[in-house]
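As structure tokens, the structure follows; a few thoughts come after it.
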Amino acid sequence: MSLPHALLTSLLEKSSSGYELARRFERSIGYFWKATHQQIYRELGRMEAQGWIAANSADEAPQSRTKVYRVLDAGRQSLREWAAEPSDPAELREDLMIKLRAEAVIGPLGLEHEVERRHALHRDRLAEYQAIEARDFSHRPLTREDTLRHLILKCGIRLEEAQIAWSVEALVTLRRLGSVTGRGAT
């Protein structure tokens with residue numbers, strides 16, 4: 001994913017200062033695309049130099065030195081072009097899969113504890129997503145914008161449900177293999 005395009009999307013939702021944008025980013029887009037405050041501020045500078053965004057002028061907010069960014073036509077056009085380009089699904093890059101491969105060739109490594117820890121993290125994230133769903137999407141008719149945001153949230157919910165189901169299967173398998181060979185943690 002392109003960080004500038006994620007930022008353009010967020011700014012189109014609401015013009016913001018860099019700080020506000022970083023905070024909002026953590027609570028929305030940050031669930032599926034991570035960026036540090038430093039990366040966001042650096043990218044805002046690049047996007048402003050490219051003419052994609054502009055900050056308020058001093059006469060718009062003379063009492064404040066805080067810049068509030070808004071998307072310009074060039075930024076909107078760049079986002080349209082980027083969104084129209086085909087993109088491949090992200091490839092799985094997960095160190096636990098390598099650890100499991102290592103366990104396959106060198107024997108039990110006691111990975112059950114790590115799988116249990118991750119299982120708990122996925123349960124917590126699922127509960128967080130379900131709370132967001134109940135709070136934001138269950139009490140009123142949804143606009144087009146809200147319907148699409150809900151669709152994104154449903155993807156997160158299903159991914160967490162799949163991770164939980166997989167971790168249960170992994171624990172059963174690791175425990176069974178550990179007891180069959182007489183090695184490993186139970």
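The values are calculated or read from the model by the stated rules, or taken from the named source; none is laboratory data. Just so it is clear, the structure is predicted and the values come from calculations on it, not from any experiment. Here Cβ is always computed from backbone atoms with ideal geometry, including for glycine, and neighbour counts include all displayed protein chains. The accessibility values were calculated without ligands, DNA or RNA, using every heavy atom of the protein model including side chains. Shrake-Rupley method; radii C 1.70, N 1.55, O 1.52, S 1.80 Å.
Observations on the structure shown:
- The requirement of being modelled with pLDDT under 95, over 30 Å from GLU13 (Cβ atoms) and of a type in the set (Val, Ile, Thr) is fulfilled somewhere in the stretch 170-181, by at least one residue.
- Per-region count, the stretch 144-181, residues among the charged types (D, E, K, R) and under 21 Å from ALA104 (Cβ atoms): 3
- No other residue among LEU174, LEU151, LEU100, LEU96 is in contact with a Pro (Cβ under 9 Å, 6 or more places away or on another chain) and over 30 Å from GLU48 (Cα atoms) apart from LEU174.
- Restricted to the stretch 5-33, and to residues there that are in contact with a Phe, Trp or Tyr (Cβ under 9 Å, 6 or more places away or on another chain) and not in a helix (DSSP H, G or I), the residue that is farthest from ALA83 (Cα to Cα) is SER17.
- Considered as a group, the residues in the stretch 79-104 that are surrounded by 13 or more Cβ atoms within 10 Å (Cβ to Cβ) and more than 22 Å from the chain's Cα centre (by Cα) include one that is farthest from GLN163 (Cα to Cα), and that residue is GLU103.
- Neighbours by Cβ (under 7 Å, 6+ apart or cross-chain): first from the stretch 67-78, modelled with pLDDT under 95; second part of a helix (DSSP H, G or I): LYS67/GLY18
- Test for SER2: is it within 22 Å of ARG80 (Cα to Cα), of a type in the set (Gly, Ala, Ser) and touching a strand residue (DSSP E or B) at 6+ places or on another chain (Cβ under 8 Å): no
- Looking only at the stretch 12-27, and only at residues there that are open to solvent by less than 60 Å² (accessible area, probe 1.4 Å) and out of contact with any Ser or Thr (no Cβ under 7 Å at 6 or more places or on another chain), the one that is nearest to LEU72 (Cα to Cα): SER15
- Only one entry of ALA127, ALA170 meets the criterion of being of a type in the set (A, V, I, L, M, F, W, C) and under 23 Å from the mean Cα position of the chain (by Cα), and that entry is ALA127.
- Single residue of ILE132, ILE53 found to be in contact (Cβ under 8 Å) with a residue 24 or more places away in the chain and under 29 Å from GLY18 (Cβ atoms): ILE53
- When LEU109 is tested against the conditions (1) open to solvent by 40 Å² or more (accessible area, probe 1.4 Å); (2) closer than 30 Å to HIS5 by Cα, the lone failure is (2).
- From LEU72, LEU148, residue being surrounded by 14 or more Cβ atoms within 10 Å (Cβ to Cβ) and within 27 Å of LEU21 (Cα to Cα): LEU72
- Sole exception among (1) closer than 28 Å to GLU133 by Cβ; (2) without any contact (Cβ under 8 Å) to a residue 24 or more places away in the chain for TYR19, by number: (2)
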